[in-house]
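So the structure is just underneath, and the comments pick up after that.
The values are calculated or read from the model by the stated rules, or taken from the named source; none is laboratory data. Every value quoted in this text rests on a predicted model; they were computed, and no experiment measured them. Positions of Cβ are backbone-derived with ideal geometry, glycine not excepted, and every protein chain shown enters the neighbour counts. Ligands, DNA and RNA are excluded from the accessible area calculation, which covers all protein heavy atoms including side chains. Shrake-Rupley method; radii C 1.70, N 1.55, O 1.52, S 1.80 Å.
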Amino acid sequence: MQYKVPFVDYGKQYLEELKPYLDYAFHKVMSAGDLILRKDVEMFEKRLAKLVGTKYAVGVGNGTDALMLSLKAAGIKSGDEVITSAHTFFATLEAIVNNGAKPVLIDTDFDDLLLKEEDIESKITPNTKAILPVHLAGNVCNMDLIMNVAQKHNLIVIEDACQGLGAVKNPRGLVQCWSFFPAKILGSYGDAGAITTNDEEIYKKVRALRNHNMVKEKGSMLFYGTGFNSRLDNLQAAFLNIKLDFLKKHLKRRNKIARMYDTGLSGIGDIKTPNQRETYQDYIILTQKRDELCEYLKKQGIETLKDEYVFPPEYEIPENTKVVGQTALRLPIAPILNNSQINYVVKKIREFSSR
Ligand SMILES: *Cc1c(COP(=O)(O)O)cnc(C)c1O
């Protein structure tokens, strides 16, 4: 279906904004034959570390692997418990479970849709090894509180920053995990991810783990243990280096669209917008009539995303998180969308509420 306002529009962004730059990057990489772990990956890692404010960055295959490899590098194993956000994309939990550990879910604050930091301490047991806060939709968890609890109980902090680029700066957790899935703030043209850290050990471990836990020495390949093939593709890295040049502009545009929604949607029906700071991965609204609104907007040619993750039954979802899953809707905020498209969304939401 052809939407008047699609949630994202990669084709339009390519054709109208990025084509000459991306085509040039493609041509350069293809002519050089630079495909696996080449200089575009290295450059991207340097630029990402600088942007985030860490000593190191390591490009990996995707955000899920960034979480997987971080947990492994940090020594999380079978029998460990990892305290994390109940309201998150399933990948966060998969990474924990695929390391043999058990996710312990913290309920969600209606105010900012992040985990309730004050509930963390009561969930700590002798098996707890790590806290894995999720910085959702461009909002950042209260790291003062989290670092305090972590220090007090000697726990590792691994941050799921897959939706937090531009918002998570000078981080204090042991490692941050990033996704460059196309719809993310910094989107590649396929799958891509990275970790950032100030810890040399973690840096070295993840660098080896992403490449079969292997280090090259004097022409030999030394395998330290069982690793993975999860390398950031060099062509994607070249594209990401282009996208990085546009990051400031794109964040600003997302912000501008958010302000248009703030103004346009204030005082309409029961619609609430959670507290958001200055970075927008997505613009989320909360309404009791979420499903009807989503359906109505779809009929008007507007694509939205229900912020609803239905997990397998063995995951017990706490109360607020259930409510958020039934009431939260993500509105289109891709930087390539123009003002008349955003005004159209506002108009149609107003129309829905006054029926
Ligand atoms: C996107 C996302 C991931 C997974 O990233 P992929 O690159 O798709 O593997 C993990 N956690 C959160 C919060 C995400 O939004």
Single unsatisfied condition, Asp191 versus (1) touching an Asp or Glu at 6+ places or on another chain (Cβ under 6 Å); (2) part of a loop (DSSP other than H, G, I, E, B): (1)
Filter result for Leu93 (in contact (Cβ under 8 Å) with a residue 60 or more places away in the chain and under 25 Å from Phe181 (Cα atoms)): yes
Members of segment 171-185 found to be surrounded by fewer than 24 Cβ atoms within 10 Å (Cβ to Cβ), closer than 17 Å to Ile242 by Cβ and either more than 7 Å from the ligand (Cβ to nearest atom) or at pLDDT below 95 (or both), listed by number: Pro182
All but one of (1) touching a Ser or Thr at 6+ places or on another chain (Cβ under 9 Å); (2) of a type in the set (A, V, I, L, M, F, W, C); (3) within 12 Å of the ligand (Cβ to nearest atom); (4) over 15 Å from Ala73 (Cα atoms) hold for Ala167; which doesn't? (3)
Taking segment 117-164, which residues are away from the ligand (no atom under 16 Å from the Cβ), crowded, with 21+ Cβ neighbours inside 10 Å and over 16 Å from Ala74 (Cβ atoms)? Ile120
Of (1) away from the ligand (no atom under 14 Å from the Cβ); (2) of a type in the set (D, E, K, R); (3) crowded, with 19+ Cβ neighbours inside 10 Å, Glu42 fails just (3)
Where the second residue is modelled with pLDDT under 95 and surrounded by fewer than 21 Cβ atoms within 10 Å (Cβ to Cβ) and the first is in a helix (DSSP H, G or I) and lies in segment 319-347, which pairs have Cβ atoms under 6 Å and are six or more apart or on separate chains? Gly325/Glu308
In segment 57-86, anything in contact (Cβ under 8 Å) with a residue 60 or more places away in the chain and among the polar types (S, T, N, Q) is listed as Asn62, Thr64, Ser70, Thr84, Ser85
So, in segment 52-96, of the ones that are part of a loop (DSSP other than H, G, I, E, B) and closer than 21 Å to Val324 by Cβ, which residue ends up farthest from the ligand (Cβ to nearest atom)? Ala86
Please name all residue pairs, on different chains or six or more residues apart, with Cβ atoms under 9 Å, provided the first residue is in segment 3-30 and is within 28 Å of Lys298 (Cβ to Cβ) and the second residue is part of a helix (DSSP H, G or I) and open to solvent by 70 Å² or more (accessible area, probe 1.4 Å). Tyr3/Lys298
